[in-house]
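Working notes, structure below.
What follows draws every value from the coordinates through simple rules; no lab data is involved. This is a predicted model, so every value here is computed, not measured. Virtual Cβ from ideal backbone geometry, glycine too; neighbours counted across all protein chains shown.
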Amino acid sequence: MDTPDTVTDALTLLRSEGYVDDLDVCPDGLLCTLESEPQAFDDAVVDHLFRFEGASDPGDSSIVLGVSCPRWGRKGVVVSAYGPDVEPEKAELLLSLAGRHQPGS
């Protein structure tokens, strides 16, 4: 898989690979807009991880994760600000989820 240059490029690439659901993190795990209950991070697989830094502002960073959710039988994306401007609780959740990424996958 090529390395995208922008968040938009990452989303386009992941969508073309079947990561079509919009996901977000919450204290109970991973939320999918199509499911009523969160999935625990232990059940999620981070297949792809892309980080982007702002060209003129290091605080303008983003992360894009391509995530498989076996329990739901879905693949989706988590897109979030990433860096010093993120709320500490959300940053902790993002780090926990991103830590599930296996380099080379």
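A cut-off of 5 Å between modelled amide H atoms, ignoring neighbours fewer than 5 places along the same chain, links His48 with Gly66.
Count Lys and Arg as plus one, Asp and Glu as minus one, and take only other residues whose Cβ is under 13 Å from that of Val25; the net charge is then -4. Applying 1/(1 + (r/R0)^6) with R0 = 35 Å to the Cβ-Cβ distance of Ala40 and Ala81 gives a FRET efficiency near 0.90.
Summing +1 for each Lys or Arg and -1 for each Asp or Glu, what net charge is found among the other residues whose Cβ lies under 12 Å from the Cβ of Gly99? Before the final figure, lay out the partial values.
Details: positive: Arg100; negative: Asp42, Glu92.
Result for the local shell: -1.
Computed about its Cα centre, the charge dipole of the chain is approximately 340 debye, with only Lys, Arg, Asp and Glu carrying charge at their Cβ.
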